[in-house]
């Protein structure tokens, strides 16, 4: 079995015992109640789309693990993030947010991110990357709650078909309204044009294909129906501040996210 290192039961048991003893030596059990309280808050924040709060809570969890697992922090946090991603994937599947296949793919992408990029100097950055990934998946699957139901339906339709060639006239026809009426109510409810929203949603989606796949940039541009790579690069930089190539190379770079503001005056 060339190239394969077998870990015996004795070595595995000794490694686990070292971790447990390390935790007990610094009184880690005293922090258990606070740890699980934070974890519950984290999961609630993830599924309530409270991205910033979730990032802060995960940082607090990292700090607890760092304090109570001296000498094992990176290993413990790595496994914690893998377990967290698996739990989120399972819940996304159970709540029918993702199909079995998509949940499996999502979980695999999270694990690949952790395995490939996590190191001792970027623990919080990779944690934030994962929270952003969860947020992105959930945001695209949850129907918005703006005052106009047609606008909500249109947004959900765009989110579900973001890789398609989305044309305003065809969307209006799909919802049996005039193009001018749809354009007007969409802008009144969201503060932006329908064309701009479609473009921003495509850019949001593209970011994850750049970070988590090895597809060529030209192929990604074509997949999302940008007319050519030059135009795609110009639009991508407009919203993210960097080129697609730079975004792909910089794993610690921030994602562009657009949040619709509810207009209660309508």
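A few comments on the model shown:
- Matching residues, segment 167-183, being more than 28 Å from residue 236 (Cβ to Cβ), surrounded by 13 or more Cβ atoms within 10 Å (Cβ to Cβ) and free of Cβ contacts under 8 Å to residues at least 24 places away in the same chain: 173
- All conditions but one from (1) more than 23 Å from the chain's Cα centre (by Cα); (2) under 20 Å from residue 232 (Cβ atoms); (3) surrounded by fewer than 20 Cβ atoms within 10 Å (Cβ to Cβ) apply to residue 147; the one that does not is (2).
- Index of the failed condition, residue 197 passing every other in (1) more than 20 Å from the chain's Cα centre (by Cα); (2) more than 27 Å from residue 85 (Cα to Cα): (1)
- Some residue of segment 187-199 being surrounded by 19 or more Cβ atoms within 10 Å (Cβ to Cβ), in contact with a helix residue (DSSP H, G or I) (Cβ under 8 Å, 6 or more places away or on another chain) and at pLDDT below 95: yes
- Segment 100-124, residues that are closer than 24 Å to residue 200 by Cα and either modelled with pLDDT of 90 or more or exposed (fewer than 13 other Cβ atoms within 10 Å of the Cβ) (or both): 110
The values are calculated or read from the model by the stated rules, or taken from the named source; none is laboratory data. Being a predicted model, the structure only gives us computed values, none of them experimental. No Cβ is skipped: glycine too gets one built from the backbone with ideal geometry, and neighbour counts run over all protein chains shown.
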